[in-house]
1. Kindly list the number of the only condition in (1) closer than 21 Å to K224 by Cα; (2) within 24 Å of the chain's Cα centre (by Cα); (3) outside any loop (DSSP other than H, G, I, E, B) that fails for G21.
2. Which pairs turn up if I take residues in the stretch 53-79 that are within 20 Å of N199 (Cβ to Cβ) and look for partners that are polar (S, T, N, Q) and crowded, with 21+ Cβ neighbours inside 10 Å with beta carbon separation below 6 Å, at least 6 apart in sequence or on another chain?
3. Have a look at N207, N199 and point out the one that is closer than 30 Å to G321 by Cα, assigned by TED's automatic domain parsing to the domain that holds N19 and among the polar types (S, T, N, Q).
4. If we scan the stretch 404-420, do we find a residue that is within 20 Å of the chain's Cα centre (by Cα), surrounded by fewer than 17 Cβ atoms within 10 Å (Cβ to Cβ) and touching a residue at least 24 places away in the same chain (Cβ under 8 Å)?
5. Going residue by residue through the stretch 204-224, is there one that turns out to be in contact with a Lys or Arg (Cβ under 8 Å, 6 or more places away or on another chain), of a type in the set (G, A, S) and not in a loop (DSSP other than H, G, I, E, B)?
6. Name the single residue that is surrounded by the most Cβ atoms within 10 Å (Cβ to Cβ) among those in the stretch 370-403 being assigned to a helix (DSSP H, G or I) and among the polar types (S, T, N, Q).
7. Mind checking whether some residue in the stretch 336-357 is within 26 Å of S154 (Cα to Cα) and either in the same structural domain as L162 (by TED's automatic domain parsing) or not in a helix (DSSP H, G or I) (or both)?
Amino acid sequence: MNKKEYRHIEETLFHEKLNNGLDVFLLPRPQMSKTYAIFSTNYGSIDRTFVPIGETEEITVPDGIAHFLEHKLFEKKDRDVFADFGKQGASANAYTSFTKTAYLFSATSNIEENVKTLLDFVQDPYFSEQSVEKEKGIIGQEIKMYDDQPDWQSFMGTLKSLFKETPVNIDIAGTVESISEITKDDLYTCYNTFYHPENMTFFIAGNFDPTRMISLIKENQDRKEFAKLEEIKRNYPSEPNEVAEKEFKLKMPVSVAKCTVGIKESFNELAGDAFVKRDLLQDMIITFYFSKSGQFYEQLYQENMIDSSFYFETNLDKNFGYSIIGGNTDDPNQFAEKIKELLLSTNSHVITKEDFERMKRKKIGQLLRSMNSLENIASKFIHYNTVTADYFELIPTIQSLTVEEANKFLKEWVDESRLGVCKILSE
């Protein structure tokens, strides 16, 4: 077991790659009462076209199948796994993103039993035709619920305006029509292709003994047989530089219109240092302009163009990235034009060294605060690990960034061909 000490944040991380390929990371925090574990696979909603393990022909599976599979893994032939965790005093959950599916629990007792339960239920799929048909109705209701949520529709509408080919423009849960096509065999095909230990990561943080914990995990995995993983062949479509649609409109029963402006940040595969630097600068610069202390926020506020619903978010993943700025507005056209005008003006801006040092201190402060949360540490660590980056080295990377790098990024940050707008209008 490898041990790595991060002296700048006083953390010690243990790592071992098991014989079956599973990456195990242990972050002991003996001063904490809670323990949090996450078992994640490098498989999400955008992995819809691939060559199944053991086959030679490429297939495209129905949209929403990764999320459907996440739901079905909790249901076994004779029980529901949530009940198992409940009896052991743990709170369990799972989530599917565009690029990952993760299963997790948090608990203050029976940690070893809960770790075994987490490993065992994810690695023991059971799908029947009857249970698959039943689940279609449950997930169909979930999809319809999101269809009625203006905030979610605003988010997805923005992604539809930005991305033409990349499946990030498709709802993670799919549609009622697409999930109706899912079969038991489809689920097994996806499971057998993407749920091999070599495509997965186990991360646990909290109050436990790392030597005892790694022994437990190795013993659990040694009892199971896995064929050697072939290369997973995924097919991601090439994405054009420009947005798919300049404007996406949707009418819904809202009392106040919503408007979002999206930036198509990235459409190429990134990893390692290139990923981390872009990820950090993307976040630091949008925060610099649109946070409550930012000059653009102040300007929008003074002109009465925003209220408490105003927000911004930014995300970078292995082969796509976006930023979204939006909120409620009485005049979506004016709001969109103003935000675009402000964004395009950054091409001629120059960030001073003093401003950039403040930006770096602010980002480091945010990171240190977020490291108080075991949940955040686990999800962020896995996110960065997927793109061969180390979450715990972000602070030294921030410190090493130069104002010249920031200004180079700023000059290329926005151009009109990569701006899309979504408007949610009253019916």
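The values are calculated or read from the model by the stated rules, or taken from the named source; none is laboratory data. Source: prediction; values computed, not measured. When we count neighbours, we look across all protein chains shown, and the Cβ atoms used for this are built from the backbone with ideal geometry, even at glycine.
1. Checking G21 against (1) closer than 21 Å to K224 by Cα; (2) within 24 Å of the chain's Cα centre (by Cα); (3) outside any loop (DSSP other than H, G, I, E, B), the one that fails is (3).
2. What qualifies is I53/T193; A66/S45; A66/T96; A66/T101; H67/T96; E70/T96; E70/T101.
3. Residue meeting the stated conditions: N199.
4. no
5. Yes; the residues of the stretch 204-224 include at least one that is in contact with a Lys or Arg (Cβ under 8 Å, 6 or more places away or on another chain), of a type in the set (G, A, S) and not in a loop (DSSP other than H, G, I, E, B).
6. S379
7. No, because not a single residue in the stretch 336-357 is within 26 Å of S154 (Cα to Cα) and either in the same structural domain as L162 (by TED's automatic domain parsing) or not in a helix (DSSP H, G or I) (or both).
Quick grid of which residues meet (1) under 30 Å from G89 (Cβ atoms); (2) among the charged types (D, E, K, R); (3) in contact with a strand residue (DSSP E or B) (Cβ under 8 Å, 6 or more places away or on another chain); (4) surrounded by 17 or more Cβ atoms within 10 Å (Cβ to Cβ):
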position: M1; (1), (2), (3), (4): yes, no, yes, no
position: P30; (1), (2), (3), (4): yes, no, no, no
position: P52; (1), (2), (3), (4): no, no, yes, yes
position: P62; (1), (2), (3), (4): no, no, no, yes
